[in-house]
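Everything on this sheet refers to the single structure shown next.
The values are calculated or read from the model by the stated rules, or taken from the named source; none is laboratory data. Fair warning: this is a prediction, and the values are worked out from it, not measured in the lab. So basically every Cβ, Gly included, is an ideal-geometry build from the backbone, and we count neighbours across all protein chains shown. The accessibility values were calculated without ligands, DNA or RNA, using every heavy atom of the protein model including side chains. Shrake-Rupley method; radii C 1.70, N 1.55, O 1.52, S 1.80 Å.
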Amino acid sequence: QVQAVESGGGMVQAGGSLRLSCVVSGGDFRTFALAWFRQAPGEDRKYVSAITWSSNPYYADSVKGRFTISRDNAKNTVYLQMNSLKPEDTAVYYCAAGVAGASRNTDHYDYWGQGTQVIVSS
(Lines give C-alpha, C1' and ligand atoms only; values in the text may rest on other atoms or scores of the structure.)
Protein backbone atom coordinates (compact mmCIF):
# COMPACT_ATOMS: atom_id res chain seq x y z
CA GLN A 1 0.00 0.00 0.00
CA VAL A 2 1.42 3.34 -1.07
CA GLN A 3 1.36 6.15 1.47
CA ALA A 4 2.38 9.77 1.12
CA VAL A 5 3.10 11.92 4.17
CA GLU A 6 3.77 15.66 3.91
CA SER A 7 5.58 17.84 6.41
CA GLY A 8 7.12 21.28 6.63
CA GLY A 9 4.09 23.52 6.58
CA GLY A 10 3.68 26.41 8.95
CA MET A 11 3.17 30.13 9.28
CA VAL A 12 5.55 32.61 7.70
CA GLN A 13 5.56 36.30 6.87
CA ALA A 14 5.31 37.51 3.29
CA GLY A 15 8.69 37.30 1.61
CA GLY A 16 9.75 34.34 3.71
CA SER A 17 10.53 30.75 2.77
CA LEU A 18 9.38 27.26 3.64
CA ARG A 19 10.41 23.82 2.43
CA LEU A 20 7.78 21.13 2.19
CA SER A 21 8.70 17.46 2.18
CA CYS A 22 6.70 14.39 1.21
CA VAL A 23 7.82 10.85 1.89
CA VAL A 24 6.19 8.27 -0.38
CA SER A 25 6.43 4.69 0.83
CA GLY A 26 5.12 1.32 -0.30
CA GLY A 27 5.82 1.56 -4.02
CA ASP A 28 8.65 1.93 -6.50
CA PHE A 29 9.37 5.60 -5.89
CA ARG A 30 11.74 5.87 -8.83
CA THR A 31 8.92 5.22 -11.29
CA PHE A 32 6.53 7.79 -9.87
CA ALA A 33 5.77 11.18 -11.28
CA LEU A 34 5.28 13.48 -8.29
CA ALA A 35 3.39 16.70 -7.86
CA TRP A 36 2.29 19.34 -5.44
CA PHE A 37 -1.20 20.81 -5.42
CA ARG A 38 -2.78 23.33 -3.10
CA GLN A 39 -6.26 24.14 -1.93
CA ALA A 40 -7.37 27.38 -0.35
CA PRO A 41 -10.66 27.62 1.60
CA GLY A 42 -13.64 27.61 -0.72
CA GLU A 43 -11.55 26.86 -3.80
CA ASP A 44 -10.77 23.82 -5.91
CA ARG A 45 -7.49 21.99 -5.54
CA LYS A 46 -4.97 23.60 -7.90
CA TYR A 47 -1.79 22.45 -9.52
CA VAL A 48 1.47 23.94 -8.22
CA SER A 49 4.33 21.88 -9.58
CA ALA A 50 5.27 18.44 -10.88
CA ILE A 51 8.42 16.45 -11.49
CA THR A 52 8.87 13.46 -13.77
CA TRP A 53 10.54 10.18 -12.85
CA SER A 54 13.63 11.56 -14.65
CA SER A 55 13.55 14.79 -12.58
CA ASN A 56 12.21 17.20 -15.19
CA PRO A 57 10.36 19.95 -13.29
CA TYR A 58 7.22 21.84 -14.27
CA TYR A 59 5.52 24.79 -12.58
CA ALA A 60 2.30 26.72 -12.54
CA ASP A 61 2.79 30.27 -13.78
CA SER A 62 1.82 31.63 -10.38
CA VAL A 63 4.85 30.04 -8.68
CA LYS A 64 7.42 29.99 -11.47
CA GLY A 65 10.67 31.58 -10.34
CA ARG A 66 9.72 31.34 -6.65
CA PHE A 67 9.18 27.62 -6.03
CA THR A 68 11.52 24.72 -6.78
CA ILE A 69 10.50 21.07 -6.87
CA SER A 70 13.06 18.31 -6.43
CA ARG A 71 13.20 14.63 -5.59
CA ASP A 72 15.60 12.36 -3.73
CA ASN A 73 15.07 8.79 -4.85
CA ALA A 74 17.36 7.45 -2.12
CA LYS A 75 15.05 8.95 0.51
CA ASN A 76 11.73 8.37 -1.30
CA THR A 77 11.10 12.08 -0.84
CA VAL A 78 9.87 14.95 -2.95
CA TYR A 79 10.48 18.53 -1.87
CA LEU A 80 8.95 21.90 -2.60
CA GLN A 81 11.18 24.84 -1.77
CA MET A 82 9.01 27.94 -1.55
CA ASN A 83 10.68 31.34 -1.59
CA SER A 84 9.31 34.89 -1.74
CA LEU A 85 6.05 33.67 -0.32
CA LYS A 86 2.92 35.78 -0.77
CA PRO A 87 -0.35 35.83 1.19
CA GLU A 88 -2.06 34.29 -1.86
CA ASP A 89 0.14 31.20 -1.40
CA THR A 90 -1.83 30.42 1.77
CA ALA A 91 -3.42 26.98 1.35
CA VAL A 92 -3.26 23.35 2.31
CA TYR A 93 -0.53 21.77 0.20
CA TYR A 94 -0.92 18.19 -1.02
CA CYS A 95 1.65 15.80 -2.37
CA ALA A 96 0.60 13.40 -5.14
CA ALA A 97 2.25 10.43 -6.82
CA GLY A 98 1.37 8.48 -9.94
CA VAL A 99 2.72 6.15 -12.57
CA ALA A 100 1.16 7.82 -15.58
CA GLY A 101 3.61 10.70 -15.88
CA ALA A 102 3.57 14.30 -14.76
CA SER A 103 0.37 16.26 -15.23
CA ARG A 104 -1.51 19.34 -14.05
CA ASN A 105 -4.64 17.25 -13.53
CA THR A 106 -5.58 15.80 -10.16
CA ASP A 107 -7.15 12.77 -11.87
CA HIS A 108 -3.72 11.79 -13.19
CA TYR A 109 -2.38 10.82 -9.76
CA ASP A 110 -3.01 7.64 -7.86
CA TYR A 111 -1.81 8.47 -4.37
CA TRP A 112 -2.27 11.52 -2.17
CA GLY A 113 -1.02 12.76 1.15
CA GLN A 114 -3.16 14.25 3.88
CA GLY A 115 -1.94 17.80 3.31
CA THR A 116 0.10 20.34 5.22
CA GLN A 117 -1.08 23.86 6.00
CA VAL A 118 0.87 26.89 4.80
CA ILE A 119 -0.13 30.33 6.06
CA VAL A 120 1.55 33.46 4.74
CA SER A 121 0.82 36.63 6.66
CA SER A 122 1.08 40.10 5.16
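So the values come out like this:
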read-out	value
Stokes-Einstein D for the chain, Kirkwood Rh over Cα pairs, 10 °C, 1.306 mPa s (µm²/s)	113 µm²/s
Solvent-accessible area per residue for the chain (1.4 angstrom probe, square angstrom)	50 Å²
Highest average packing first - 54-66, 92-104, Cβ atoms within 10 Å	92-104, 54-66
Long-range HN-HN contacts of G115 with modeled amide H, under 5 Å	E6, C95
Backbone HN-Hα couplings from phi across the stretch 52-59 [Karplus 6.51/-1.76/1.60, Hz, Gly and Pro as x]	7, 4, 9, 6, 7, x, 9, 9
Within the accessible area of the chain (1.4 Å probe), percent carbon and sulfur	46 percent
Rg ratio (alpha-carbon, reference 2.2 N^0.38 Å) - the stretch 72-117	1.32
Nitroxide proxy distance, nm - points 7 Å out along Cα→Cβ at S55 and R104	2.6 nm
